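Heads up: the structure comes next, in structure tokens.
Quick note: the coordinates plus some simple rules give every number you see, no bench work behind them. Here the structure is a predicted model, which is why all the values come from computation and not from measurement. Heads up, the Cβs are rebuilt from the backbone with ideal geometry, glycines too, and the neighbour counts pull from every protein chain shown.
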Amino acid sequence: MEKIGIEYEETEEVGTVIHIAIENIYAGNIIIADEIKEDARKGIEILKKQSGIRKIIMLTGDLKNIAEKIGNNLSIDEIYYELLPENKVEKVEKIIKNTNNGTVIFVGDGINDAPVLARADIGIAMGGIGSDAAIEAADVIIMTDEISKIEKAIKISKKTLKIAKQNIVFAITVKVLVLILSVLGLSNMWQAVFADVGVTVIAIINALRNLNTKKMS
């Protein structure tokens, strides 16, 4: 605008500013900026209440003013901006080293996030708008692109692990008990069948409880 001699109005809006002139007369501007997902604030608030989550960090390639505005609006603990893909990997490496054997979860959707998703302890990709590279590199895929679903995924994983441990303890206990009874000559064929087939069926039925995820909101 200055080069062609047109006076224009500065704007304090955060984003990419496109100034428009019609027949050498300034007409206004268009602001291009990322929109915060509808459930982003709710999702982060829920995650902050989780006992196992100590810090939420944002890694982005956006400019400083854009990153800080979004990060502050969402109450992000730490904000790192103007990062290239390799810079994101370096930051995650440092974060992993500083977690003292903790688990680092990275959430992303772009092709530039793929290396970080693969490097993090757990990579979560947004399946709706996410790139193929990000989806392939991720461990967990959220098809609805809702950040609040991360908390539900954590609950499902904890419940799955709990059920798996229950099944292992139950199966080993029954088999060892029947084995001892067999050595003492106190077991019969039906007890052996129960220790084999019966334990398997009960373990499967117990595992089916994990299909009931509607209550885990």
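Worth a mention:
- Tail weight of P(r) past 20 Å, computed on alpha-carbon pairs of the stretch 44-106, percent: 31
- Exposure proxy shown here: for PHE170, PHE106, the number of other Cβ atoms within 10 Å sets the order, fewest to most, as PHE170, PHE106.
- Option label - semi-axes √(5λ) of the Cα gyration tensor in Å computed here, alternatives (i) 22, 19, 17; (ii) 55, 17, 14; (iii) 28, 20, 18: (ii)
- Scattering profile of the stretch 40-147 at q = 0.11, 0.20 Å⁻¹ [log10 I(q)/I(0), Debye over alpha-carbon scatterers]: -0.32, -1.18
- Ranked for footprinting exposure by Cβ neighbours inside 10 Å, fewest first, LEU161, LEU74 give LEU161, LEU74.
- The share of Cα pairs per 5 Å bin across the stretch 5-99, counted from zero up to the longest distance, runs 2, 11, 16, 16, 16, 12, 8, 7, 5, 3, 2, 1, 0 percent.
- Ordering of 16-22, 194-200 by packing [mean C-beta count within 10 Å, highest first]: 194-200, 16-22
- Number of Lys pairs (Cα under 22 Å; 8 or more positions apart or on different chains) in the stretch 40-147: 18
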